[in-house]
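Below is one structure; the comments refer to it alone.
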Amino acid sequence: MRLRYGDSSVPCSIHSGRLLAVVRADPLLPEGSPEELILAALARCATILATFTPGQRVVIVTSDITRYTGSELYLPLLVDELNRRGIPDRDITIIIALGIHRKQSEREHKKIVGALHGRITVLDHDCDDPGKLVSLGMTTNGIDVLINRTAAEADRLILSGTIGFHYFAGFGGGRKALLPGIGGRASCLASHFTVLHPDPGGGRHPLATVGVLDGNPVHQALCEACALAEPDLILNTVLDPDKKIIAVFSGEWDRAHRAGCRFYGEQFTYLLSRQADLVVASCGGYPKDINLIQAHKAMEYASRALKEGGVMILLAACGDGYGNPTFFNWFRHRELAEFEAALRARYEINGQTAYALLDKAKRFRIILVSHLPPEEVRTLSMIPAGTLEEAMTIAAELLPEEYTAYVIPEAGTVLPVLKPG
């Protein structure tokens with residue numbers, strides 16, 4: 001078999017006697033093309049869209065290049081629907097939900113908005129410009145919800161994106177387009193801080209984890225923030241491992257998102273009979289391995305298939321490096337207790353991701369195949385390798401003679417779950 005790595009793929013071979021399974025999602029394939037699924041989702045929102053009237057200013061929020069959503073397909077169809085409602089292009093603005101990510105290039109804008117490029121105003125959100133932010137109020141746990149002023153002052157607000165697993169918010173999509181998508185930096189930090197257990201030294205909150213919404217403090221904070229903005233509509237896609245749209249959820253923001261999460265959880269969970277000594281995982285190629293912060297999600301999910309102390313080989317090209325200049329600096333903290341104390345003292349979203357990565361690097365032996373400098377990979381408490389072949393050679397020295405293995409070709413998409421009992 002071949003595993004995706006950046007924009008290419010590499011061969012992977014595991015002796016059949018050692019291989020327990022190739023862990024893949026096997027989602028139900030829909031009837032109809034992606035365009036037909038999008039149009040059907042818009043038709044289901046006819047009652048909401050009927051309230052959009054000429055003269056209203058509409059803002060559509062969509063994801064940045066690190067999260068492929070099918071936006072180049074659904075945005076033109078959505079704008080066409082708004083045009084039919086009497087809302088001209090000049091009254092429509094698309095905001096790229098960067099959160100705290102970097103600005104997008106012109107080429108990336110073209111990829112995101114497709115045929116709308118040059119036709120509709122497209123703005124990159126800026127989380128650090130106070131003049132472009134406005135407060136919507138406070139959540140019950142004291143988060144001041146600062147969001148993009150253009151979105152807040154629009155007559156109608158539409159959130160779009162894609163639903164997938166998220167390693168501490170439970171699922172992506174829905175409310176995340178608002179916060180952190182178009183939130184101020186302080187609001188992003190405060191909402192993500194809820195990932196930590198209320199008690200110092202408690203590490204991560206046990207319910208702030210992948211696939212969990214009920215009781216998840218991060219999800220609760222994001223929902224409260226989203227409710228303050230009162231978005232009129234969401235449109236969220238679900239993609240198969242080949243990045244093809246297989247379902248579209250639309251309508252009232254919370255109800256439609258929860259329905260999409262239920263569908264995703266059912267279709268993209270893989271039940272395991274036991275954990276293995278070795279997991280060979282690919283993030284799924286670009287953009288899921290565009291940087292280490294994004295690639296970490298695949299590492300988190302794949303670790304569920306691994307025995308404590310086992311070996312993981314992660315294929316993650318990381319062509320954009322770490323994804324944020326502050327990420328690497330957190331690894332001056334070598335021990336988890338020291339790291340957590342520093343994180344609580346001066347919280348950063350990237351620090352939380354770094355903490356989660358170090359936690360896994362301490363529990364497992366992780367061999368990273370990437371373009372990152374080998375000496376820096378070692379600082380991250382992982383083992384560097386230039387190729388999958390080299391990584392397999394290193395792993396052979398660390399594994400028991402009769403080891404078992406899983407291969408996960410799309411580790412950023414599927415969640416391995418150990419069967420009860």
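The values are calculated or read from the model by the stated rules, or taken from the named source; none is laboratory data. This is a predicted model, so every value here is computed, not measured. Methodologically, a virtual Cβ is constructed for each residue, glycine included, from the backbone with ideal geometry; neighbour enumeration extends over all protein chains shown.
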Filtered residue count, the range 74-107, keeping only those that are in contact with a strand residue (DSSP E or B) (Cβ under 7 Å, 6 or more places away or on another chain) and assigned to a helix (DSSP H, G or I): 6
Cross-chain or 6+ apart pairs with Cβ under 8 Å, the range 108-131 first and assigned by TED's automatic domain parsing to the domain that holds Gly183 and assigned to a loop (DSSP other than H, G, I, E, B), then β-branched (Val, Ile, Thr) and at pLDDT 95 or above: Ile120/Val79; Ile120/Ile92; Ile120/Thr93; Ile120/Ile94; Ile120/Val113; His125/Ile95; His125/Ile96; His125/Ile182
Index of the failed condition, Asn324 passing every other in (1) in contact with a strand residue (DSSP E or B) (Cβ under 8 Å, 6 or more places away or on another chain); (2) not in a helix (DSSP H, G or I): (1)
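Considering only the range 346-421, give the helices (runs of 4 or more DSSP H) lying wholly within it that have at least 2 residues that are charged (D, E, K, R), surrounded by fewer than 20 Cβ atoms within 10 Å (Cβ to Cβ) and touching a helix residue (DSSP H, G or I) at 6+ places or on another chain (Cβ under 7 Å).
Numbers: elements: 349-363, 374-379, 388-398.
In the range 346-421, the matching helices (runs of 4 or more DSSP H) lie at 349-363.
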Residue among Gly202, Gly260, Gly251 that is free of Cβ contacts under 8 Å to residues at least 24 places away in the same chain and farther than 30 Å from Ile14 by Cβ: Gly202
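Of everything in the range 15-38 that's over 30 Å from Ser273 (Cβ atoms) and assigned to a loop (DSSP other than H, G, I, E, B), which residue is modelled with the highest pLDDT? Outline the logic, then answer.
Going residue by residue through the range 15-38, those that are over 30 Å from Ser273 (Cβ atoms) are 31-38.
Narrowing further to those that are assigned to a loop (DSSP other than H, G, I, E, B): 31-33.
Details: Glu31: 89, Gly32: 92, Ser33: 96.
For the range 15-38, the residue satisfying everything is Ser33.
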Where a residue in the range 63-85 is without any contact (Cβ under 8 Å) to a residue 60 or more places away in the chain and its partner, wherever it lies, is of a type in the set (Phe, Trp, Tyr) and surrounded by fewer than 22 Cβ atoms within 10 Å (Cβ to Cβ), with Cβ under 7 Å and at least six apart: Leu82/Phe52; Arg85/Phe52
Which numbered condition Arg67 misses (of (1) more than 14 Å from Leu159 (Cβ to Cβ); (2) basic (Lys, Arg); (3) surrounded by 16 or more Cβ atoms within 10 Å (Cβ to Cβ)): (1)
Members of the range 39-70 that are under 30 Å from Ile293 (Cα atoms) and either of a type in the set (A, V, I, L, M) or assigned to a loop (DSSP other than H, G, I, E, B) (or both): Val59, Ile60, Val61, Asp64, Ile65, Thr66, Arg67, Tyr68, Thr69, Gly70
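Working only within the range 229-285, note down all residues that are acidic (Asp, Glu) and within 23 Å of Arg24 (Cβ to Cβ). Spell out how you get there, then give the answer.
Of all residues in the range 229-285, those acidic (Asp, Glu) come to 230, 232, 240, 242, 252, 254, 266, 277.
Answer for the range 229-285, where residues must be acidic (Asp, Glu) and within 23 Å of Arg24 (Cβ to Cβ): Asp240, Asp242, Glu266, Asp277.
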